[in-house]
Amino acid sequence: MTPPRNRAQDDHRGRGKGHTGRAKPGGRALLTDPLTDKGVAFTQEERERHGLVGMLPPAVLSPELQARRAWEQLRAQPDDLAKNVYLEQLHDRNEVLYFRLLTDHLTELLPIVYDPTVGEAIKRYSHEYRRPRGVYLSVDRPQDIRPAFQALGLGPDDVDLVVATDAEQLLGIGDWGVGGMQISVGKLAVYTAAAGIHPGRSVPVMLDVGTGNQALLNDPLYVGNRHNRVRGEAYDAFVAAFVEAVTELFPRALLHWEDFGPGNSRRILERYGERILTFNDDMQGTGAITLACVMNAVRVTGTPMRDQRVVVFGAGTAGVGIADQLRDAMVRDGLDREEATRRIWCVDRQGLLRQSTEHLRDYQQPYARPDDDWPDDRPADLPGVVDHVHPTVLVGTSTQHGAFTEDVVRSMARDVDRPVVLPLSNPTEKIEAMPADVLRWTGGKALVAVGIPVAPVELDGTTYVIGQANNALLYPGLGLGAVVAGAERITDGMLQAAAEAVAGLADLSEPGAALLPEVENLRTSSAVVAAAVVRRAAEEGVARARLDDVIQQIQDAMWQPEYG
Ligand SMILES: NC(=O)C1=CN([C@@H]2O[C@H](COP(=O)(O)OP(=O)(O)OC[C@H]3O[C@@H](n4cnc5c(N)ncnc54)[C@H](O)[C@@H]3O)[C@@H](O)[C@H]2O)C=CC1
Ligand SMILES: CC(=O)C(=O)O
Ligand SMILES: [Mg+2]
């Protein structure tokens with residue numbers, strides 16, 4: 001499929017799906033609204049028509065030249081954080097130019113606006129702060145939730161996507177309070193760059209319930225609520241008021257939850273997942289992209305899904321979300337639920353999770369093994385579990401840098417011909433092992449994918465391309481598919497269809513091939529994922545949209561970074 005183009009865009013806010021109900025600005029306001037600004041690309045005729053004469057230098061530059069200048073300015077920035085700040089300023093000034101740059105240089109710029117640099121931007125948020133973006137909601141002022149959304153001036157059909165975080169477990173860097181807005185912004189930037197979600201039809205949200213990060217609370221420049229995290233009933237009531245406002249004001253919008261703490265993420269999804277169009281990216285998006293990796297590992301190794309033995313190190317939001325999807329895949333491959341669950345060993349701070357493990361979380365309970373299942377004389381830490389279980393798949397979602405040591409990986413490779421090693425923790429400083437090391441320790445036998453972008457590894461004459469097992473390869477297509485289908489909710493079948501579609505896009509024919517498709521082709525692959533999601537939604541009876549020509553409808557729905 002070639003990258004889709006919008007059929008009709010009356011201005012670069014778009015028409016049809018792309019239309020927003022916002023009133024169009026005129027005069028100087030055209031230059032200050034990032035959705036209408038064209039800078040020096042305004043033609044002479046447009047300058048006269050819109051009352052812009054004298055407000056711009058005389059030359060009219062093509063969008064290509066504008067993009068060239070922005071690229072030069074970007075490259076002159078001293079480091080990745082400065083590049084992120086530069087790009088966010090461009091984002092606030094001219095969305096078309098920003099997304100044009102991002103789309104044209106996706107492989108180079110995704111790591112700047114998203115993982116891993118977004119982690120730095122989150123930490124530095126209050127210090128690099130220049131202007132607001134998105135909707136900030138405070139637990140101390142729930143009465144402001146509705147007015148805050150109403151102030152956007154958007155009607156019930158004008159919003160496709162809302163990405164919300166409460167910033168308790170941002171990537172693997174923990175609680176960074178109001179800086180979490182940057183993850184909602186970054187996730188949405190990926191939605192637009194990768195899947196053409198209209199930037200004027202999406203809303204990043206920061207649910208500021210306070211922070212447990214003492215350094216932020218002590219920082220005079222901190223721009224969030226200066227108190228500890230609110231929990232319990234007040235937290236739940238705040239989230240409920242937020243959900244109610246979003247679903248009433250924007251009934252078609254997909255609500256995406258990002259980087260909530262393990263105590264809240266699953267609870268929130270269980271409360272709302274069946275009732276509204278919503279999903280948790282860390283649980284479900286990550287589960288599905290990991291499933292895609294394992295599906296392709298099954299193709300490479302020939303070991304069926306039902307025969308996999310999986311060790312998950314770090315049984316939190318992402319780890320248990322992954323376990324759930326791998327368990328369900330084993331059930332589809334013929335095991336009963338109990339047998340499939342028994343093929344997954346979850347290891348957390350306390351070691352292997354067993355029935356008698358102290359401080360077991362409710363969502364970990366299904367994976368806690370019977371106590372008599374583990375020999376008394378065997379250590380139940382990660383090395384002990386790997387040594388005893390001989391896993392075929394080792395997943396890292398622990399935030400523990402270097403936890404997959406040479407001994408652990410070598411021990412895995414002793415018993416399994418092609419071990420699948422997935423150190424998924426982000427950002428780079430949290431990763432459980434670097435691919436080059438894993439490949440070296442296993443003599444190139446391991447099948448590796450990681451959450452961050454890494455360069456190919458050369459070893460003994462083979463080039464190993466490393467797949468980026470990041471939910472960013474999956475959620476944009478999932479979201480686009482849900483929007484085009486007018487889905488009532490996100491079903492397990494839609495997630496499975498997305499995983500199968502991503503897996504099917506990887507070319508596994510060469511030795512050293514990546515388990516996942518390349519980020520460079522993300523726009524095309526997101527469209528393919530979206531088509532699979534739409535079809536599954538229709539099969540499962542949750543698609544409300546009339547679907548005549550799915551491919552065409554997806555192409556029409558994808559916003560292009562072009563001036564109207
Ligand atoms: N590649 C991807 O697409 C994704 C990667 N992740 C990454 O996964 C990591 C975890 O994220 P979440 O699940 O949201 O966090 P979480 O806080 O819900 O889970 C982390 C788990 O690791 C456990 N843990 C911490 N220290 C440990 C240790 N020393 N030994 C064993 N277990 C330990 C914690 O107790 C917790 O259960 C993060 O680094 C995040 O960036 C998360 C979502 C998507
Ligand atoms: C990728 C992602 O969602 C995370 O690391 O939390
Ligand atoms: Mg996340």
Inset, instruction - Kindly state, as a whole number, the per residue volume in cubic angstrom of the convex hull around the alpha carbon atoms of the stretch 320-460. - result: 120
Inset, instruction - For the stretch 276-431, give the percent of accessible area contributed by carbon and sulfur heavy atoms, probe 1.4 Å, rounded to a whole number. - result: 43
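Only Lys, Arg, Asp and Glu count, each charged at its Cβ (+1, +1, -1, -1), so figure out the dipole size of the chain about its Cα centre, rounded to 20 debye.
1320
What is the sum of charges, Lys and Arg at +1 and Asp and Glu at -1, for the other residues whose Cβ falls under 15 Å from the Cβ of Gly467? Provide the component values of the computation, followed by the final result.
Details: positive: Arg299, Arg418; negative: Asp115, Asp507, Glu510, Glu518, Glu520.
Overall, the nearby charge balance is -3.
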Inset, instruction - Write down the Å³ per residue value for the convex hull defined by the alpha carbon atoms of the chain. - result: 153
Inset, instruction - Give the longest segment of the chain that steers clear of GluC sites (Glu not before Pro) in DSSP loops with at most 13 neighbouring Cβ atoms within 10 Å, not counting the sites themselves. - result: 1-273
Inset, instruction - Obtain the radius of gyration and the Kirkwood radius of the stretch 421-542 from its C-alpha atoms and give Rg over Rh. - result: 1.05
Legend entry - Probe 1.4 Å, accessible area per residue of the chain, Å²: 39
Inset, instruction - Might you report the magnitude of the Cβ-based charge dipole of the stretch 236-331 about its Cα centre, with Lys and Arg at +1 and Asp and Glu at -1, to the nearest 20 debye? - result: 400
Legend entry - Qualifying trypsin sites (Lys or Arg not before Pro) in the stretch 315-360, DSSP loop, other Cβ atoms within 10 Å at most 15: Arg349
Inset, instruction - Using a 1.4 Å probe over the heavy atoms of the protein chains, calculate the carbon and sulfur portion of the accessible area of the stretch 501-562 as a whole percent. - result: 42
Inset, instruction - Calculate the all-directions average of the projected area of the stretch 103-151's alpha-carbon convex hull, and give it in nm². - result: 5.2
Legend entry - Pair Ser509, Arg544: separation of 7 Å Cα→Cβ label points (nm): 4.4
Legend entry - Residue-count net charge about His256 - beta-carbon cut-off 10 Å; Lys, Arg +1, Asp, Glu -1: -1
Inset, instruction - Mind giving me the FRET efficiency for Val53 and Thr32? R0 is 22 Å, r the Cβ-Cβ distance, nearest 0.05 is fine. - result: 0.85
Legend entry - 14 Å reach of a label modelled at Glu339, 7 Å along Cα-to-Cβ, counting backbone N of the stretch 279-305: 304-305
Legend entry - the stretch 125-192: trypsin sites (Lys or Arg not before Pro) in DSSP coil with no more than 16 other Cβ atoms inside 10 Å: Arg130
Inset, instruction - For the stretch 19-114, give the percent of accessible area contributed by carbon and sulfur heavy atoms, probe 1.4 Å, rounded to a whole number. - result: 54
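Exactly which trypsin sites (Lys or Arg not before Pro) in the stretch 516-564 are in a DSSP loop and have at most 15 other Cβ atoms within 10 Å?
Arg544, Arg546
Need one number: % antiparallel among DSSP beta bridges in the stretch 331-463, to the nearest 5.
DSSP beta bridges in the stretch 331-463 are roughly 35 percent antiparallel.
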Legend entry - Interatomic Cα distance distribution for the stretch 377-461, bins of 5 angstrom, percent: 3, 17, 27, 26, 17, 7, 2, 1, 0
Inset, instruction - Return the percentage of antiparallel bridges among DSSP beta bridges fully within the chain, rounded to the nearest 5 %. - result: 15
Legend entry - Where labels lie 7 Å past Cα in the beta-carbon direction, separation of Tyr129 and Glu429 in nm: 2.1
Legend entry - Förster radius 41 Å - calculated FRET efficiency between Arg332 and Glu358, Cβ distance, rounded to 0.05: 0.75
Legend entry - Total formal charge among the other residues, if their Cβ is under 14 angstrom from that of Asp336, Lys/Arg +1 and Asp/Glu -1: +2
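The values are calculated or read from the model by the stated rules, or taken from the named source; none is laboratory data. Treat the numbers as computed from the prediction; the structure is a model and nothing was measured. Note that we place each Cβ from the backbone using ideal geometry, even for glycine, and neighbour counts take in every protein chain shown. Heads up: the accessible areas ignore ligands, DNA and RNA and are worked out on the full protein's heavy atoms, side chains in. Shrake-Rupley method; radii C 1.70, N 1.55, O 1.52, S 1.80 Å.
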